[in-house]
Amino acid sequence: MSSKLIVIGGLPGTGKTSLATGLARTLDAVHVRIDTIEQALRTSTNDGDAIGVAGYAVAYGIVADNLRLGRIVIADCVNPLASTRAAWREVGRRAGVAVVEVEVICSDASEHRRRVDSRASAPCAEGRGRMLRCWVTRYALSVSSDNRYGLFNAFQTRLTVC
């Protein structure tokens, strides 16, 4: 299979990482997880959660390097902003590869809330960045199921996992 970039996005607790790791194993692809990069940045700096867009910027570079090596790369991220989606497409364009964008959703609000609330990684733990992610997730869980994923309405493909 030729090199390509698969961007798997969606709210926390929807199953992005499970999907991305399974797909990476099946395709022998590189899996780049924004949460892992952001956590490494947090633990290696004195600013804790004040990393801004650094996690995405690091990921764009890692992904570009692997695409140039001819690898299939799976980016695993929330990716709620038009600017981050555009940046992923630009990484693919510069590498000359196809970009496939997939939004993962959990259409069952009760199951989604259970997943978020039971996470060992405590998405609502202390820290500004985590609190923002917590707020976005809780906001999405509080609105009607028809409007829940309006944050992500620019994805190419929507995959419902629960």
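Quick look at the values:
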quantity: Residues located in region 78-102, provided they are modelled with pLDDT of 95 or more, of a type outside the set (A, V, I, L, M, F, W, C) and surrounded by fewer than 19 Cβ atoms within 10 Å (Cβ to Cβ); calculated: Arg89, Glu90, Arg93, Arg94, Gly96
quantity: Search result, residues across region 20-35 that are touching a Gly at 6+ places or on another chain (Cβ under 9 Å) and surrounded by fewer than 19 Cβ atoms within 10 Å (Cβ to Cβ); calculated: Asp35
quantity: Pro12, sole failed condition from (1) under 12 Å from the mean Cα position of the chain (by Cα); (2) surrounded by fewer than 16 Cβ atoms within 10 Å (Cβ to Cβ); calculated: (2)
quantity: Hits in region 36-60 (condition: surrounded by fewer than 20 Cβ atoms within 10 Å (Cβ to Cβ) and β-branched (Val, Ile, Thr)); calculated: Thr36, Ile37, Thr43, Thr45, Val53, Val58
quantity: Test: Ala75 is out of contact with any Asp or Glu (no Cβ under 7 Å at 6 or more places or on another chain), within 21 Å of Ser18 (Cβ to Cβ) and at pLDDT 95 or above; calculated: yes
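The values are calculated or read from the model by the stated rules, or taken from the named source; none is laboratory data. The structure presented is a predicted model; accordingly, all values stated were derived computationally and were not measured. When we count neighbours, we look across all protein chains shown, and the Cβ atoms used for this are built from the backbone with ideal geometry, even at glycine.
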